[in-house]
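The values are calculated or read from the model by the stated rules, or taken from the named source; none is laboratory data. This structure is a prediction, so every number in the text was calculated from the model and none was measured. Note that each Cβ is placed from the backbone with ideal geometry, even for glycine, and that neighbours are counted across all protein chains shown.
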Amino acid sequence: MPGRSALQGMKIALDIMSGDESPRSRICSVARVLKSRSDIRLILIGDKPLMNALLVEYPGLADSGRIEMLHADTTIAMGDRPSQALRSRKGSSMWKMLEQVANGNADACVSAGNTGALMAMGRYLLKTFSGVDRPAIATSLPCGNGETLLLDIGANVDSTSANLYQFAVMGSRLSSSLYGIAAPRVALLNVGTEDIKGSEQVRLAHQILLEDGSLNYTGYIEGHAIFTGLADVIVCDGFAGNIALKTAEGVANLARHELTAMFQSGWWRRLLGLMVSPVLSEFGDQINPVLYNGASFLGLQGIVVKSHGSADEKGFYQAICRAIHEVESGVQGRLAQGIEDMLMR
């Protein structure tokens with residue numbers, strides 16, 4: 001597909017209309033990105049009259065020369081079937097967003113819309129790398145010494161051992177690109193660490209990974225160890241990954257809620273809460289899912305970042321920042337090289 005010259009600067013396409021939050025929230029994120037980065041240009045895709053009306057709240061932004069607007073007549077609903085969206089929503093904001101990457105007009109794109117539709121349209125418009133059977137969705141999670149990547153988190157409910165191996169290769173390359181880790185530690189999520197544990201697909205993937213000396217494969221990892229920092233990349237099928245991710249989000253929200261409630265139940269606890277509020281605030285940020293919003297679609301020939309559908313202004317901003325980081329770190333080139341190396345073995 002066509003490429004863009006580095007002299008043109010970075011350009012990110014945004015689906016303003018999709019997701020559970022209002023377009024106003026997305027425009028707030030746009031203003032925040034442009035304020036924090038003077039070298040970024042954005043393509044806003046959605047209802048053009050509505051976007052113009054919302055941009056009035058930010059004087060000078062629409063005329064800054066850093067925003068393009070592309071009108072889309074329709075929006076894909078969160079409940080639409082991917083096959084239906086692929087057949088009948090080619091004028092949607094999501095479709096037009098992906099087209100900007102496919103035709104080389106944008107370096108990356110971000111949507112908070114229907115995950116299945118985004119995957120189906122992405123595969124149709126961007127295609128997968130040769131040798132990749134199925135794309136995977138990867139997200140970052142906080143751990144003891146930084147962040148760890150978890151994939152797949154929902155693109156593939158059922159995955160073969162070959163799929164899991166491909167996820168490991170792509171996850172390793174992504175981790176190396178984003179975090180500068182020379183040899184990311186890769187682990188398979190399993191119900192135990194013994195060789196006999198797990199499904200047939202997981203055990204077969206374990207054997208394939210053991211035989212691949214180019215990956216820093218450390219073996220199985222259990223769910224309770226996801227956040228310990230024992231692995232830089234954790235591989236699983238989309239069924240297990242999605243449950244693990246949403247369970248983690250629920251526990252994080254519970255911890256923040258319960259801590260807040262504890263320090264409000266009595267005057268002396270409120271006083272203690274004021275004394276330790278900086279520590280509590282730092283802890284809250286470390287486990288806040290909003291600050292880790294933005295999942296990468298790996299295997300597509302283009303950078304596609306999926307924001308949580310209910311992400312607010314801060315969350316959508318984080319997803320845009322992830323897309324920017326992936327462009328800057330040369331993720332696509334590293335993935336292409338990793339997949340080529342995989343096919344040569």
Only one of these conditions is not met by LEU335: (1) at pLDDT 90 or above; (2) farther than 19 Å from GLY113 by Cβ. Which number is it? (1)
Is it true that ARG26 is farther than 16 Å from LYS306 by Cβ, crowded, with 16+ Cβ neighbours inside 10 Å and either outside the structural domain of ARG322 (by TED's automatic domain parsing) or among the charged types (D, E, K, R) (or both)? no
Which condition from (1) over 24 Å from ASP20 (Cα atoms); (2) surrounded by fewer than 19 Cβ atoms within 10 Å (Cβ to Cβ); (3) at pLDDT 90 or above is the one that GLY302 breaks? (2)
Among ASN163, ASN190, ASN145, which is closer than 17 Å to ASP212 by Cβ and among the polar types (S, T, N, Q)? ASN163
Conditions (1) modelled with pLDDT of 90 or more; (2) outside any loop (DSSP other than H, G, I, E, B); number of the one not met by MET17: (2)
Enumeration of residues in the range 291-308 that are part of a loop (DSSP other than H, G, I, E, B) and in contact with a Ser or Thr (Cβ under 8 Å, 6 or more places away or on another chain): ASN293, GLY294, GLY299, GLN301, SER307
Examine the range 238-256 for a residue that is in a loop (DSSP other than H, G, I, E, B) and surrounded by 14 or more Cβ atoms within 10 Å (Cβ to Cβ), and state whether such a residue exists. no
Considering every residue within the range 139-161, establish whether at least one is part of a helix (DSSP H, G or I) and either over 20 Å from LEU335 (Cα atoms) or not acidic (Asp, Glu) (or both). yes
Give the number of residues within the range 33-54 that are assigned to a helix (DSSP H, G or I) and buried (at least 17 other Cβ atoms within 10 Å of the Cβ). 4
As an exercise: evaluate LEU86 against (1) in a loop (DSSP other than H, G, I, E, B); (2) in contact with a Phe, Trp or Tyr (Cβ under 8 Å, 6 or more places away or on another chain) and give the number of the one condition it does not meet. (1)
